[in-house]
Amino acid sequence: MLQNFFILCSGADAAILKTCSEGEQNKYAGIGATVFFTAVMAFIASSYALYTVFDNLFAAICFGFIWGLLIFNLDRFIVSTIKKRNSLGSELIQATPRIILAVIIAIVISKPLEMKIFEKEINQVLWEQKNEMTLANKEQLALQYTPTVEKLNQDIASLKSEIAVKEAETNALYDTYISEAEGRAGTLLLGKGPVYAEKRQKHDMALAELQTLKETNVQKIAGVETQIAALNTEYAETVKNSQPIIDGFDGLMARINALNELPWLPSFYIFLLFLAIETSPIIAKLLSPKGEYDLKLEDEESAVRTWVTQKVLQREKILSTDTELNEKIYGEITKEEAVYAYKKQKAEELLKLQTDAFHDLQIKTL
């Protein structure tokens, strides 16, 4: 039963193959087994690849099963359409398009399995790429907020500078009136005279202005710091909201690109393995000598070809004979007077009827 199933997979004519030897049947069963297991590998590979796209196991299995059937049908068609010829050159010409198609199928099948085999290495590459993307994303977003934050920090520095300048001015006035009171500057008179009172008044006015300036600028600084905090919070929220997009950067195309970042030799070995599996039925049929099945299939095809050729020739002869007879019969009829007179009478009657009908139609339109 298993042998019959694999023979069905090979695309061989089971009726003809049953009349062949056991060895011939085993050969085509082996070819069919290769076709079947290639389709199984295609199912596994496509299911994994589609799972990375849809992230849904049921959908991946359904589409993978359809893809496996497609590959099975293509492989079965490729193997079954290769016919053994008497010349190896003609067989190679016949097999070349099929080998090219087999190479394409091998690439399609091997790539998802390579991604599964090198999954850990691909995850490492993706992790590094995600880190780079995270840093780049933060830098790009920072470009939107940094100029504004820097300007606000400059405003804070300017407000603090105003306070510092006013403090220095007030401290200078303080030193002036103290020096006047101690007789170290100004009038050089010890005690609190009129000059001292004047300088003390200037200092007190500057001190009041300083106090007012501090209160005003502290409020302004608090408002600016609130704006800076709001911008920092908005920046952090934007980074947080964009991070899931980066974290989700592990789709099929991202994994293929990550696979291309790895050394090419291991992937190439896996591709060669699947190429050998995919082309092995074709190579086996090319290298094997013309067997019993090939001879019987060629005999049956030749019988059908001869039978069809005979039917076509018979139809051509029948047509040629019938044409000659028709020409001869109608040629003799044209020479008979009775037929001529009858044909003329009928033509005159038809012409009269057409004339009457046209006359009646003209009258109705008046």
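The values are calculated or read from the model by the stated rules, or taken from the named source; none is laboratory data. Small disclaimer: the values here were computed from a predicted structure and weren't measured. Please note: Cβ atoms are built from the backbone with ideal geometry, for glycine as well, and neighbour counts cover all protein chains shown.
Considering 208, 222, which residue is closer than 26 Å to residue 152 by Cβ, in a helix (DSSP H, G or I) and modelled with pLDDT of 80 or more?
It is 222.
Looking at 61, 82, 109, which one is in contact with a Phe, Trp or Tyr (Cβ under 9 Å, 6 or more places away or on another chain) and either crowded, with 16+ Cβ neighbours inside 10 Å or more than 30 Å from residue 258 (Cβ to Cβ) (or both)?
Sole residue among the options that is in contact with a Phe, Trp or Tyr (Cβ under 9 Å, 6 or more places away or on another chain) and either crowded, with 16+ Cβ neighbours inside 10 Å or more than 30 Å from residue 258 (Cβ to Cβ) (or both): 109.
Taking residue 270 as meeting all but one of (1) in contact with a Ser or Thr (Cβ under 9 Å, 6 or more places away or on another chain); (2) assigned by TED's automatic domain parsing to the domain that holds residue 150; (3) of a type in the set (Val, Ile, Thr), write down the number of the exception.
Evaluating residue 270 over (1) in contact with a Ser or Thr (Cβ under 9 Å, 6 or more places away or on another chain); (2) assigned by TED's automatic domain parsing to the domain that holds residue 150; (3) of a type in the set (Val, Ile, Thr) leaves (2) as the failure.
What about residue 38, is it out of contact with any strand residue (DSSP E or B) (no Cβ under 8 Å at 6 or more places or on another chain), among the β-branched types (Val, Ile, Thr) and either farther than 19 Å from residue 275 by Cβ or surrounded by fewer than 18 Cβ atoms within 10 Å (Cβ to Cβ) (or both)?
Taking the combined requirement at face value, the residue does not satisfy it.
Could you count how many residues in the stretch 278-325 are surrounded by 10 or more Cβ atoms within 10 Å (Cβ to Cβ) and in a loop (DSSP other than H, G, I, E, B)?
3
Can you spot a residue in the stretch 131-139 that is under 33 Å from the mean Cα position of the chain (by Cα), among the hydroxyl-bearing types (Ser, Thr, Tyr) and surrounded by 13 or more Cβ atoms within 10 Å (Cβ to Cβ)?
yes
Inside the stretch 85-130, can you point out the residues that are charged (D, E, K, R) and either within 25 Å of the chain's Cα centre (by Cα) or within 20 Å of residue 51 (Cα to Cα) (or both)?
Selection gives 111, 114, 116, 119, 120, 121, 128, 130.
Please name all residue pairs, on different chains or six or more residues apart, with Cβ atoms under 8 Å, provided the first residue is in the stretch 278-294 and is assigned by TED's automatic domain parsing to the domain that holds residue 78 and the second residue is polar (S, T, N, Q) and crowded, with 18+ Cβ neighbours inside 10 Å.
Correct list of pairs: 278/38; 280/34; 281/10; 281/34.
Mind checking which pairs have a first residue in the stretch 40-59 that is among the aliphatic types (A, V, I, L, M) and a second that is not in a helix (DSSP H, G or I), Cβ under 9 Å, 6 or more apart or different chains?
Every condition considered, the pairs that remain are 50/56; 53/251.
Of all the residues that make up the stretch 235-277, how many are in contact (Cβ under 8 Å) with a residue 24 or more places away in the chain, closer than 30 Å to residue 102 by Cβ and not in a helix (DSSP H, G or I)?
2
Could you tell me whether the stretch 68-81 includes any residue that is in a helix (DSSP H, G or I), aliphatic (A, V, I, L, M) and touching a residue at least 40 places away in the same chain (Cβ under 8 Å)?
For the stretch 68-81, residues in a helix (DSSP H, G or I), aliphatic (A, V, I, L, M) and touching a residue at least 40 places away in the same chain (Cβ under 8 Å): present.
What are the residue pairs meeting all of these: first residue in the stretch 1-26, first residue over 17 Å from residue 81 (Cα atoms), second residue not in a helix (DSSP H, G or I), Cβ atoms under 7 Å, and 6 or more apart or on different chains?
24/291
So residue 34 ticks every box in (1) touching a Gly at 6+ places or on another chain (Cβ under 9 Å); (2) in a helix (DSSP H, G or I) but one. Which box is left unticked?
Of the numbered conditions (1) touching a Gly at 6+ places or on another chain (Cβ under 9 Å); (2) in a helix (DSSP H, G or I), the odd one out for residue 34 is (1).
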